[in-house]
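Taken together, the values in this text are just the output of simple stated rules run on the coordinates, not laboratory data. The shown structure was predicted, so the numbers you read here are calculated from the model rather than taken from an experiment. Here the Cβ is made from the backbone with ideal geometry for all residues, glycine too, and neighbour counts use every protein chain on show.
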Amino acid sequence: MLIAIPLLKKRVAPRCTFADSLLIVSLRYGRVADQSTIPLEGCTSIDLVQILIEKGIKTLICGGISQSTRESLSLCNVVIIENVTGTYYEILEALLSKKIKSGFGFDTVEEPALNASQVKRESNVSLEETNVKEELEKIDCLNCKDRVCLRGMNCLAESNLSSITATGVIREMLESAFDVAFEDERKLCRLAELVYYCMGMNYKRIGVAFCKDLLQPSKILVEVLRRFFTVFPVCCKIGGLAIEEDHIGSSFEVNENTTNHIACNPLMQAEILNRIETDINVIVGLCVGTDCIFTSASHAPVTTIFVKDKSLANNPIGAVYSDYYLNEI
């Protein structure tokens, strides 16, 4: 039986057409009899389907796959095992042990059953955590009248959070941030703060996740950062995924004269920078929501340098000082 796995380096490609090679595995009597790779650089979904048909592939193991590609392969009786993640040797091991299935790599680990004493202890902890949560929910720093924290006094003395301290990398990050924020000689602009902070942290490789609407500011930013660091800019539209593809829920009207029909791809932006192994990632103008996705998926720390505001010339804080905008919300 012939099985194909689109790969990006040594891992299953997050999307069939975003792969640099196709691993073809021949299984016989429950063992790998042979395996080979085919370059896929610049390969379209049509090219991929053609390759699979020509090679007589019976099973495709992949990450994401478009509806059109899935339908084309189904017509050719190719079995598709999708939404799979992991290295190719993890996939081969799962194949041989017959554990491979759609969603492999995303499965949750089953928790062991608790005995009676553990259940009681867990119940007590749960109750204690509930009480702490209720107390914490009463915190309203804006309406606090004492503001003892501004005098260096512990306002969380009654909470079990009062003992939390920064250690290791977090402490180093805080110290570098304080060095920049408390500089007495001059006031630094945000861009200068970014440069000084990264130098203080000894960062060498910086990712820039930018929105295509802020292309020009992104170019200038990258030119400045490249004076000091190795910089990797990645556009929000990377991959060129059309909104018609089934995994994207968008109501944009398709217009061939604009890029509105191309979906933003924050997961791919983060994945690329993760694999490049950047030290820090900088957001430039990502939309609300896509910036959340990027931040949650990024392995490296994330900071925002420029935000996008189509109405206020990229100055969203202006809305807070305008009755017109506040009344329009």
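Here are the numbers for this structure:
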| quantity | calculated |
| --- | --- |
| In order through the range 294-300: 3J(HN,Hα) via Karplus (6.51 cos²θ - 1.76 cosθ + 1.60), integer Hz, x for Gly, Pro | 4, 4, 5, 8, 6, 6, 8 |
| Radius of gyration and Dmax over the Cα atoms of the range 56-96, both given in Å | 11.0, 30 |
| Neighbour net charge for E172 - beta-carbon separation under 13 angstrom, K R +1, D E -1 | -2 |
| Amide H contacts of I80 (H built 1.01 Å from N, under 5 Å, at least 5 apart or other chain) | L60 |
| Flagged links, alpha-carbon separation over 27 Å, of K9/K58; K237/K310; K101/K212; K101/K237 | K101/K212; K101/K237 |
